[in-house]
1. Quick check on this structure: which one of VAL144, VAL164, VAL124 is of a type in the set (Val, Ile, Thr), closer than 26 Å to ILE12 by Cα and at pLDDT 95 or above?
2. Would it be correct to say that GLN95 is under 16 Å from the mean Cα position of the chain (by Cα), polar (S, T, N, Q), more than 11 Å from the ligand (Cβ to nearest atom) and within 25 Å of PHE163 (Cα to Cα)?
3. Report every pair of residues separated by at least 6 positions or lying on different chains whose Cβ atoms are under 8 Å apart, first residue within the range 72-90 and in contact (Cβ under 8 Å) with a residue 24 or more places away in the chain, second in a loop (DSSP other than H, G, I, E, B) and crowded, with 19+ Cβ neighbours inside 10 Å.
4. Is it the case that ILE2 is out of contact with any strand residue (DSSP E or B) (no Cβ under 9 Å at 6 or more places or on another chain), within 19 Å of GLN121 (Cβ to Cβ) and not in a helix (DSSP H, G or I)?
5. Can you say whether LYS16 is within 12 Å of the ligand (Cβ to nearest atom) and either touching a helix residue (DSSP H, G or I) at 6+ places or on another chain (Cβ under 6 Å) or of a type outside the set (S, T, N, Q) (or both), as far as the supplied structure shows?
6. Test VAL144 against the criterion of being among the hydrophobic types (A, V, I, L, M, F, W, C) and in contact (Cβ under 8 Å) with a residue 24 or more places away in the chain, and give yes or no.
Amino acid sequence: MISKALQKELIIQLNKEFHSAYIYLGMSAYSSKEGFNGAASWFLIQYQEEVSHGMKLFKYLEDQNVELSLPTIDAVKVEYKSLLDVFKKSLAHEQTMTKNLNNLSDLAMKDKDHATYNLLQWYVTEQVEEEATVGEIIDHIKLVGDNGYGLYTIDKELASRSFVD
Ligand code: OFO
């Protein structure tokens with residue numbers, strides 16, 4: 001049985017996963033508007049991944065008989081300065097998510113809730129991969145700077161991403 005305090009925090013995290021999805025949907029819309037169709041597709045896949053993260057947690061909470069409430073998902077502003085800016089904001093967002101997940105893991109450990117701790121480790125591992133991937137994209141964008149052909153090439157590479165759950 002998950003402690004009441006941890007249940008509350010996990011429901012907040014569930015909301016954050018869907019909010020993340022919403023953020024990435026906005027990033028996709030921005031990229032598409034700017035003509036970066038590869039980045040738009042990349043962020044759309046990221047949106048799908050975040051939905052799947054939310055659903056994984058939803059399923060777990062159901063399995064653990066947690067009485068679910070579904071709070072409002074915050075609005076998202078679709079305002080970015082450049083392709084570099086949008087990926088930098090993506091990294092900053094993931095770093096915040098990592099902090100949340102680490103805090104949740106601390107709570108689960110404190111409660112000696114091994115099942116929840118185990119589930120959270122899946123998310124923690126996923127964060128390492130996400131931060132590394134976005135960090136690499138940022139490095140590539142920085143390398144090409146404002147060079148149109150360079151950005152075009154990066155956008156083409158981003159288009160090759162496919163959804164892996
Ligand atoms: Fe960005 O990954 Fe969900 O948790």
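The values are calculated or read from the model by the stated rules, or taken from the named source; none is laboratory data. The structure presented is a predicted model; accordingly, all values stated were derived computationally and were not measured. A quick note on method: Cβ atoms are made from the backbone with ideal geometry, for glycine too, and the neighbour counts reach across all protein chains shown.
1. Result: VAL124 is the single residue among VAL144, VAL164, VAL124 that is of a type in the set (Val, Ile, Thr), closer than 26 Å to ILE12 by Cα and at pLDDT 95 or above.
2. No: the conditions fail for GLN95.
3. Between residues of the range 72-90 that are in contact (Cβ under 8 Å) with a residue 24 or more places away in the chain and residues that are in a loop (DSSP other than H, G, I, E, B) and crowded, with 19+ Cβ neighbours inside 10 Å, the close pairs are LEU83/PHE36; VAL86/TYR80; LYS89/TYR80.
4. Working: out of contact with any strand residue (DSSP E or B) (no Cβ under 9 Å at 6 or more places or on another chain): yes; within 19 Å of GLN121 (Cβ to Cβ): yes; not in a helix (DSSP H, G or I): yes.
So ILE2 passes the test.
5. Judged against the criteria, LYS16 is a match.
6. Answer is no for this residue.
One line per residue, one yes/no per condition, for (1) at negative phi; (2) surrounded by fewer than 17 Cβ atoms within 10 Å (Cβ to Cβ); (3) touching a residue at least 24 places away in the same chain (Cβ under 8 Å); (4) touching a Cys at 6+ places or on another chain (Cβ under 8 Å):
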residue	(1), (2), (3), (4)
SER3	yes, yes, yes, no
LYS8	yes, yes, no, no
ALA21	yes, no, yes, no
MET27	yes, no, yes, no
LEU44	yes, no, no, no
MET55	yes, yes, no, no
GLU62	yes, yes, no, no
VAL66	yes, no, yes, no
